[in-house]
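The values are calculated or read from the model by the stated rules, or taken from the named source; none is laboratory data. As the structure is a prediction and not an experimental result, all values here were calculated from the model. Glycine gets a Cβ as well: all are built from the backbone with ideal geometry, and neighbour counts include every protein chain shown.
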Amino acid sequence: MDFALSARAEDVCGRMWDFMREQVFPAETVYEEWRAARGHDDHAHPPVLEDLKKEARARGLWNLFHHELGGLTNLEYASVAEIMGWSPVIAPEVTNCGAPDTGNMETLMLFGTPEQKQRWLEPLLEGEIRSAFAMTEPDVASSDARNIQTSIVRDGDEYVINGRKWWTSGAADERCQIFIVMGKTDPEGAPHRQQSMILVPRDTPGLEILRHLPVFGYQDQHGHSELRLTDVRVPASNLLAGEGDGFMIAQARLGPGRIHHCMRALGMAERALALMVDRAQKRVAFGRPLAEQGTVRETIARSRMEIDQARLLVLRTADLIDKYGAKGARTEIAAIKVIAPNVACDVIDRSIQVHGGAGVSGDTPLARFYAAARTLRIADGPDAVHLRSVAKEELARERPYVG
Ligand SMILES: Cc1cc2nc3c(=O)[nH]c(=O)nc-3n(C[C@H](O)[C@H](O)[C@H](O)COP(=O)(O)OP(=O)(O)OC[C@H]3O[C@@H](n4cnc5c(N)ncnc54)[C@H](O)[C@@H]3O)c2cc1C
């Protein structure tokens with residue numbers, strides 16, 4: 001593996017940094033003030049995002065998440081996504097590289113029919129609409145997707161869907177027009193063939209949005225919603241791939257999505273470390289800047305070392321996906337999905353500590369970053385489930401020597 005950035009990645013990273021410094025960081029205050037003025041329980045779309053989307057497109061920073069669209073390998077995109085992670089609410093969205101849309105676009109690219117692509121993929125690629133992915137359910141342990149209970153029953157030319165979902169990210173935003181819903185088409189089938197995925201347009205009768213869940217008290221602009229589906233009818237042609245293909249689609253979808261989260265988590269960690277160093281150099285306690293005091297120096301050093309370790313593993317995993325696909329890199333994807341969010345949590349936590357009271361206030365991005373990084377230890381599969389996969393692989397590994 002070549003550790004140097006390719007010429008193409010260097011060019012895109014340079015342009016992304018220019019965009020971040022000139023447009024994205026200054027927009028953070030505009031975004032926050034606009035939302036604060038309306039009340040944070042309001043999920044309307046801050047207009048500054050549309051301005052930034054135009055600007056990102058003009059700068060060629062659009063749909064970079066997929067090699068067929070943006071021309072970057074996963075390894076190259078890793079460095080670009082990390083930069084976006086410095087402003088994780090704004091940068092991914094305005095470059096059309098945000099979750100869950102990227103995973104949903106990738107799903108439609110892989111498994112959509114020409115009609116499904118025209119109806120839903122094209123406006124998603126243009127950033128005209130948004131989408132949601134509804135798998136998790138309140139009543140069952142959803143980290144084991146075999147437990148998903150929502151029923152999808154064929155009735156003539158239609159499917160009828162009944163169930164309850166929660167943590168459906170993005171559903172509070174009125175631009176979210178299409179839901180990919182996972183449920184059982186064959187409750188008696190083999191455990192990994194019971195589930196299917198189906199497209200449900202937002203305005204379908206019987207689809208109710210019950211509430212939007214806060215994360216550590218924060219209401220995301222796109223919202224994380226609880227849904228009830230009661231006798232929701234969609235045409236049979238809305239099924240993605242075939243009946244029983246739900247697990248196969250979930251695996252194809254979640255692999256690349258997970259690594260994108262990890263890249264952005266490292267961007268958050270880098271910004272937290274930058275803030276930590278700045279604060280430590282300027283703040284004086286007991287007669288000396290914090291940066292000259294032993295425990296703070298150790299905190300800074302540990303943070304640098306842990307970020308660099310995690311990045312190496314993220315880059316290696318991205319390289320493996322490029323060479324062998326998400327399936328070939330599945331154990332490494334599981335490993336970084338544990339490591340990167342945990343490193344981000346630790347570094348952000350230390351930065352909060354170095355900031356004292358300011359760290360938990362709204363005056364720095366640290367409190368929000370902590371909420372986002374901590375959440376990542378649960379979303380897209382909790383740590384325990386990924387550790388289980390890594391352990392399974394390790395226990396089956398052949399060794400050159402034992403003793
Ligand atoms: C902010 C946020 C956004 C999300 N967005 C989406 C979304 O858009 N769409 C969607 O479908 N879902 C989404 N989720 C849901 C998320 O993917 C689930 O919460 C996650 O998969 C865990 O499922 P669960 O909550 O049912 O936890 P459970 O399955 O009940 O697990 C709870 C805990 O049990 C423990 N556990 C589970 N299995 C094991 C094991 N094998 N060994 C040891 N311990 C274990 C773990 O500590 C785990 O955290 C989101 C969640 C959050 C918090």
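Couple of notes before you dig in:
Each row is one residue, and each column tells you yes or no for (1) part of a helix (DSSP H, G or I); (2) among the small types (Gly, Ala, Ser); (3) buried (at least 19 other Cβ atoms within 10 Å of the Cβ).
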position	(1), (2), (3)
Val12	yes, no, yes
Asp41	no, no, no
Gly60	no, yes, no
Leu64	no, no, yes
Glu82	yes, no, yes
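- Residue match in the range 157-166 (condition: within 13 Å of Asn238 (Cβ to Cβ) and of a type in the set (Asp, Glu)): yes
- Test set (1) within 16 Å of the ligand (Cβ to nearest atom); (2) assigned by TED's automatic domain parsing to the domain that holds Thr230; (3) not in a loop (DSSP other than H, G, I, E, B) - Gly103 fails condition number: (2)
- Being under 27 Å from Lys54 (Cβ atoms) and within 16 Å of the ligand (Cβ to nearest atom) is a property that Ser143 lacks.
- Pick from the range 356-383, criterion buried (at least 16 other Cβ atoms within 10 Å of the Cβ) and away from the ligand (no atom under 16 Å from the Cβ), ranking: farthest from Val338 (Cα to Cα): Ala358
- Where Asp2 falls short, out of the listed (1) in a helix (DSSP H, G or I); (2) farther than 22 Å from Ala99 by Cα: (1)
- Any chance Gly328 is over 27 Å from Met248 (Cα atoms), more than 16 Å from the ligand (Cβ to nearest atom) and in the same structural domain as Ala274 (by TED's automatic domain parsing): no
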